[in-house]
Amino acid sequence: MDKKICIIVGHGKSKSGGYDSGAVSRDGKYEEFKIAKEIAKYAADYLGCSLMNYEGNLYLTDRIKAVNRADYDFVAEIHLNAGGGKGTEVFYYNGSPTGRKAAEAISAEIAKEFTVPDRGAKVRLGKNGKDYFAIIRDTKPTAILVETLFIDNNAELTLLKTDEGRKRCGRAIGIGLEKALGTQRMTEAFSVEITANSLYIRSGAGTGFKSVGVVKKGETHAISATDTAGVWGRLADGRGWISLNSKYIRRI
Ligand SMILES: [Zn+2]
């Protein structure tokens, strides 16, 4: 069964309910939240997975609650780094092999994509010995925090000023996660005709996910993504996933 992933945008809303830009560029013109949300969107598009806080309407504790109410297996929050430095690094939950593997893979992909230093997978603990980042510490699924590039490093900021750069960064995150988790990804869209009398639509790519509807014999449906094994397809209309087993469908 494939993992249910959610990509989360860092910042956007402050504790008091106002706007939280996150870090800003040295010239004050570029804000972390506004760049991170586009990178996150491209990563979620690439993976065909959920995206949270694109509108910046969730404060940190709201994001944690939303994650814990859902049934994700894995979440990644997207940030830009600041404070003087260069390169990319990804934080993971202390002691989580899956988190570490994903963090290493994403850091390596971003470093390769932009030819920046690979600072690698990291753990950051608070004074009490627990994980420092709440989005990592207080969420139920395996969680990582991606510090893509430094917003206060002008050479790195330049890489993320364009839509193309943000897309490359999002894709690098998606590719890293795909390598680490073996998750679903977007493919060339194709259509199928349903040959079974009826076939369950499921909320995720596997029979372990709950059924959320049915498709019926003779119907044709566009598929916008498959899992890595190519045995489950996501309906382009967004209703969920169906089996691509040739016993039930025919590719057209
Ligand atoms: Zn941040």
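The values are calculated or read from the model by the stated rules, or taken from the named source; none is laboratory data. This is a predicted model, so every value here is computed, not measured. No Cβ is skipped: glycine too gets one built from the backbone with ideal geometry, and neighbour counts run over all protein chains shown. Quick note on the areas: whole protein, heavy atoms, side chains included, nothing else; ligands and nucleic acids left out. Shrake-Rupley method; radii C 1.70, N 1.55, O 1.52, S 1.80 Å.
Observations on the structure shown:
- The number of residues in region 15-26 being over 20 Å from Glu147 (Cβ atoms) and open to solvent by less than 90 Å² (accessible area, probe 1.4 Å) comes to 2.
- For Lys86, the conditions (1) in contact with a Leu (Cβ under 7 Å, 6 or more places away or on another chain); (2) farther than 15 Å from Gly10 by Cα are fulfilled apart from (1).
- Just one of (1) assigned by TED's automatic domain parsing to the domain that holds Glu77; (2) touching a residue at least 24 places away in the same chain (Cβ under 8 Å); (3) hydroxyl-bearing (Ser, Thr, Tyr) fails for Thr162. It is (2).
- Screening the candidates Gly213, Gly129 for the property of being more than 18 Å from the chain's Cα centre (by Cα), in the same structural domain as Arg239 (by TED's automatic domain parsing) and exposed (fewer than 15 other Cβ atoms within 10 Å of the Cβ) yields one hit, Gly213.
- Residue check for Lys65: under 21 Å from Arg124 (Cβ atoms), of a type in the set (Lys, Arg) and surrounded by fewer than 20 Cβ atoms within 10 Å (Cβ to Cβ): no
- Here Gly170 meets each of (1) part of a strand (DSSP E or B); (2) among the small types (Gly, Ala, Ser); (3) assigned by TED's automatic domain parsing to the domain that holds Glu109 with one exception, condition (1).
- Set Ala225, Ala143, Ala189, Ala155: member being in a strand (DSSP E or B) and open to solvent by 40 Å² or more (accessible area, probe 1.4 Å): Ala189
- Of all residues in region 1-16, those satisfying the criterion of being within 12 Å of the ligand (Cβ to nearest atom) and over 20 Å from Ala172 (Cα atoms) are His11, Gly12.
- Inside region 98-123, residues that are touching a helix residue (DSSP H, G or I) at 6+ places or on another chain (Cβ under 6 Å), open to solvent by 50 Å² or more (accessible area, probe 1.4 Å) and part of a helix (DSSP H, G or I) make up a count of 2.
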